[in-house]
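The values are calculated or read from the model by the stated rules, or taken from the named source; none is laboratory data. Every value quoted in this text rests on a predicted model; they were computed, and no experiment measured them. Heads up, the Cβs are rebuilt from the backbone with ideal geometry, glycines too, and the neighbour counts pull from every protein chain shown. Just the protein is used for accessible areas: all its heavy atoms, side chains included, with ligands, DNA and RNA removed. Shrake-Rupley method; radii C 1.70, N 1.55, O 1.52, S 1.80 Å.
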Amino acid sequence: MTQAHRQEVYDDHMRDSNWKKLVGLGEGFFSKEGKFMWTISVPSLLKKYKTSNKCLEEMNQAYEQLTAVLDPDSVSGWELDALRAEADRGEALDIYLLKGDKAPTFHEV
């Protein structure tokens, strides 16, 4: 199997998977007025929504535990920075970038 053939097989599998997801997203029907309507009946999305709510509760608990042991002034400053970044966007989002020195490469060591 050549690299090009392998890539084509992967592409075909992904297209097929995405098509199956798309087809399963909703069903169409005609209303009494004769208009075509879509209904969204997605069990997989509902399952993911429920899972995300459970994870959100766990993350909120972890956040509360973490902020309980940190300096309240630092936490309020970080929250203000996050709100400012959400409002301003652009370069204001740079607060989320990691700040630190890069590790030396193998050649530099």
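Some points to look at:
- Note on the range 53-109: Rg/Rh from Cα positions, Kirkwood definition for Rh, rounded to two decimals, is 1.15.
- Surface listing: R84, R6 arranged by accessible area from highest to lowest gives R84, R6, probe 1.4 Å.
- Projected label distance in nm at F106 and S17, using a 7 Å step from Cα toward the beta-carbon: 3.0
- In this structure M59 has an accessible area near 120 Å², from a 1.4 Å probe over the protein heavy atoms.
- Per-atom-type breakdown for the range 44-109 gives carbon and sulfur 59% of the accessible area (1.4 Å probe, protein chains only).
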